[in-house]
Amino acid sequence: MTISTTTPLLPFYSAVAEQQEQLRQAMVGKRISELRTPTLVIDRTVFKRNCERLGNIKAQHNVKVRVHVKSHKAVEGAALQLEGAKTEAIVVSTMAEAHRMVSSKLVLLGFPITPDKFAEAFALAEQVEAFQIFIAAPAHNQKKIGVFIKIDCGYGRAGVPLDSAFEKEAILNLAKRLATSSCATLHGLYAHAGHSYKARSAEEALTYLEQECNSARQFQALFLEEAGIDIPYLSIGATPTVQAIVHHDSSERVSKALQGISEVHAGAYSLLDRQQMATGLCTEQDVAISVACRVASRYPDRNTTLIDGGALAFSKDTAPQGGFGVTTTGVVLQSVSQEHGILASSSSSSPAAQQHVGDIVRVLPNHCCLAAACHLYYLIVENGNDQVVDVWFPVRGW
């Protein structure tokens with residue numbers, strides 16, 4: 001027997017709302033150098049520009065856009081994504097995010113839901129036009145929930161692979177049950193080409209897009225031929241493959257790849273990071289996120305500088321370029337421990353070697369999603385300036 005659970009931090013968020021507003025008022029208008037470090041900084045100008053690049057996809061290719069909010073988990077960021085992409089559809093990774101984003105009309109929980117969350121999911125379904133999940137639920141009297149079946153298009157993390165006879169049979173049986181379910185509607189197929197992060201050029205990313213779309217169509221044909229179930233709604237996407245659509249906007253290959261695809265989804269595109277820079281689909285000027293740290297000490301004999309941001313400010317995610325981040329002056333964050341970060345200079349004349357104790361350095365993280373998850377709030381700036389214009393408070397917990 002599965003016991004229903006609830007999102008534990010909801011009362012906490014109600015209780016701290018007033019304190020958050022006080023904190024916002026205390027920090028807005030100040031310079032980053034006047035505030036405690038390490039702290040996460042988002043340039044809203046860059047963030048908005050990244051979001052707006054997705055806005056032409058629907059007009060150009062007649063494909064809807066669904067934005068993933070798990071990179072920042074903030075209501076303000078989600079609003080900019082929806083506006084920029086000209087959509088009302090979002091993806092969330094946790095039930096906590098779903099509760100904060102219920103103002104969106106079309107919410108998809110982008111993680112296979114476990115039975116303990118069914119009751120809460122059905123309750124949320126009463127608050128939005130369409131609340132969708134990844135698995136069938138037992139009978140309820142509430143509103144039907146739309147269900148996506150997640151397919152594996154080569155990433156190997158979650159979903160059903162085409163080359164597994166056992167899993168293929170199981171998923172066909174599930175689809176048949178969903179097609180006749182009294183509490184769920186089989187809405188579509190969902191693919192995520194997370195392995196497209198391995199792309200090192202816009203051309204390689206386009207190839208991953210083609211493979212992702214082909215996998216969705218192959219599964220669509222499988223369900224129709226083997227079970228007689230037509231699933232016309234196909235949702236695909238990862239930041240590199242969606243960035244490839246934007247980069248190759250008028251390409252015949254893109255138009256062909258997207259034939260029959262209903263929507264594309266992506267999340268990290270709004271912030272971007274060193275991992276995404278490695279794909280060749282963005283530059284440092286497109287990265288909206290950085291971590292502001294202070295120089296704590298310098299070691300000229302080994303050309304290193306200690307900063308007050310470590311693994312708990314950046315995470316320990318790696319990037320193809322090496323290190324755990326890079327400063328806006330090009331110095332690599334060579335190593336991190338819990339609260340310590342070490343910048344490695346190439347020589348005593350490098351930019352890092354010229355800094356003094358107490359100076360602020362801005363470091364671009366390897367992975368925007370995990371770096372953002374390390375911080376309780378984000379300082380918002382604009383146009384590359386260092387004056388705080390807003391403070392965002394992301395949702396935390398599950």
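The values are calculated or read from the model by the stated rules, or taken from the named source; none is laboratory data. Nothing here was measured: the structure is a model prediction, and the numbers come from that model. Cβ: placed from backbone, ideal geometry, glycine included. Neighbour counts: every protein chain shown.
Some points to look at:
- Residue check for residue 245: modelled with pLDDT of 95 or more and not hydroxyl-bearing (Ser, Thr, Tyr): yes
- Failed condition for residue 37, given (1) in a loop (DSSP other than H, G, I, E, B); (2) modelled with pLDDT under 95; (3) surrounded by 13 or more Cβ atoms within 10 Å (Cβ to Cβ): (2)
- The conditions of being surrounded by fewer than 23 Cβ atoms within 10 Å (Cβ to Cβ), in contact with a Pro (Cβ under 9 Å, 6 or more places away or on another chain) and outside the structural domain of residue 240 (by TED's automatic domain parsing) are not met by residue 359.
- Filtered by the rule that a residue be among the small types (Gly, Ala, Ser) and under 21 Å from residue 118 (Cα atoms), segment 143-168 gives 146, 158, 159.
- Sole residue being within 22 Å of the chain's Cα centre (by Cα) and not assigned by TED's automatic domain parsing to the domain that holds residue 209, chosen from 261, 245, 289: 289
- Matching residues in segment 61-86 - criterion: being modelled with pLDDT under 95 and of a type in the set (S, T, N, Q): 62
- The residues of segment 233-265 that are out of contact with any Ser or Thr (no Cβ under 7 Å at 6 or more places or on another chain), within 14 Å of residue 216 (Cα to Cα) and among the aliphatic types (A, V, I, L, M), listed by number, are 236, 257, 258, 261, 264.
- Only residues that are surrounded by 20 or more Cβ atoms within 10 Å (Cβ to Cβ), over 21 Å from the mean Cα position of the chain (by Cα) and assigned to a loop (DSSP other than H, G, I, E, B) were counted in segment 302-322, giving 2.
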